[in-house]
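Worksheet for the structure shown next.
Bear in mind these aren't lab numbers, they're just calculated from the coordinates by the rules spelled out. In this text, all values refer to a predicted model and were calculated from it rather than measured experimentally. Note that we place each Cβ from the backbone using ideal geometry, even for glycine, and neighbour counts take in every protein chain shown.
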Amino acid sequence: MKTNLGSAGRWCRSIPSSTRHGDIMRTIIAALLCGLVMWSVAGARTWRVEKDGSGDYSVIQDALDAAASGDTVLIGPGRFEDFLPDTAPGGDYLIIAKVEVGDMTIIGSGSDSTVLGPTSYDEPYPDPHPIGVLYVRQDAEDLLRVESLSFENLRTSVYAENTGRISVHDCRFTGGDNAVTTYSSGLISGCHFIGLHHAIISFSPADSVIIDSSIFDNSTGQDVAFESIDHGIVRNCEFTAGSDRRGGVFYNYSGGGVYRSRFVGLERSITLWYPQLQEILDNEIRSYYFCIDSTSEAFIAERNYMSSEMGPVFSLHPDGLPHRIRHNHIIKGENYAVEIHGCNGPDGTTLDMTENWWGTTDPDSIAAWIYDGHDQQWPHLECYVDFEPFLDGPVPADETSLGGLKARYR
């Protein structure tokens, strides 16, 4: 069997065949360490789970119990709902796959053929709670990879406890309550979330959670929630509302940004709470109500197309530090384009909203579409929007095509 040892193999080959007397012991120790490294790399195994018994196991947990850190578990087609009972702080659980070793890779045969979860979901929350994959390793350098699976009708599809890292790629999540709940940093990419209460919730001590090239459809709650995360990133994603218009991205005591994404028909597309800096750049946001609802001390919004059916585009509760909202295409609907709802900063706080295109070149019309200290006299609102100079035409925008992303799910 050929094994690619990479730098480890090259390091081993660099040990000289003969040494001086004083280097003998160091050479022996280095050779022993080299052998351990080579054994570790070559020792990683792949385990196959097949419903028909043709693999190493027919139950996922049996393969995980046999696997060691660094191994891969390949899951064949079919529906897997072999739940095992488990008790942890917070309640009793039924778990399909509990990962308790360090590095682990779990790969299905495709999100259209390998399904974890039952055929139905008992509302509001079944007890014990059904979980798809539970990751409980505590080493910060460990990594769980989950790829090419479909999760259905689970209370939580992927749950990662604090520390460690996760990577979830090319998975479909439908029905149930939460898709991914993580206290671990990681990357979630190329996934489709359909009809969930919450798609992704991340909590401290996770430091960085990146969500890339994914589609969110018809949530009944929040699509993405960052809770006390320093770097919560959403990029190249699409969010589409269902009949109740819920969903969107929510930052609570969290920093990060939303980039090159599309929001259609949501009540609140992006919600920013409290002090950390967020960036909203290069997005298309067509909301039913709020495009951005913010109590953040400061955020940057640039090069976005934003429109609201019922308005306002911006609902702001500033805490004193100036926002920077520039080079956007801002189109109001039935309500104001901008509403200021109180200000906790010093009197005379000014929000920088210059160099935007408002759909008109009439300054009186733009002023009438902004509700700030010029409008609220009692109690007097000491916060003002500075919108001049403004652009005299639409903002040039780069072509951002999500066609390839959307085509995956047709």
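General observations
- Note on residue 100 and residue 207: the model spin-label points, each 7 Å out from Cα along the C-beta direction, lie 2.9 nm apart.
- Computing FRET efficiency as 1/(1 + (r/R0)^6) for residue 162 and residue 350, where r is the C-beta to C-beta distance and R0 is 35 Å, gives about 0.25.
- Evaluated with a Cβ-only charge set (Lys, Arg +1; Asp, Glu -1), the range 215-361 carries a dipole of roughly 300 debye about its Cα centre, given to the nearest 20.
- Across the range 206-217, coupling constants 3J(HN,Hα) worked out from phi with the 6.51/-1.76/1.60 Karplus curve, θ = phi - 60°, read 4, 9, 9, 10, 10, 10, 10, 6, 10, 10, 10, 10 Hz, and Gly and Pro carry x.
- Residue-by-residue Karplus 3J(HN,Hα) for the range 350-362, coefficients 6.51, -1.76, 1.60, Hz, glycine and proline x: 10, 9, 7, 10, 7, 6, 10, 9, 9, x, 7, 10, 8
- With a simple spin-label model that places each label point 7 Å from the Cα along the Cα-to-Cβ direction, the separation between residue 243 and residue 365 comes to 3.8 nm.
- Where labels lie 7 Å past Cα in the beta-carbon direction, separation of residue 138 and residue 86 in nm: 1.5 nm
- Taking amide H positions as modeled 1.01 Å from N, with prolines and chain starts lacking one, the residues under 5 Å from residue 266 and 5 or more places away or on another chain are 241, 288.
- Sites residue 279 and residue 253 - FRET efficiency at Förster radius 25 Å, r taken between beta-carbons, to 0.05: 0.95
- Stretching the chain fully between residue 48 and residue 392 yields a gain of 117.6 nm (0.36 nm per residue, less the alpha carbon separation).
- The relative contact order of the range 45-189 comes to 19 percent, based on Cα pairs under 8 Å that sit 6 or more residues apart.
- Ordering of 363-374, 223-234 by burial proxy (mean other Cβ atoms within 10 Å per residue, highest first): 223-234, 363-374
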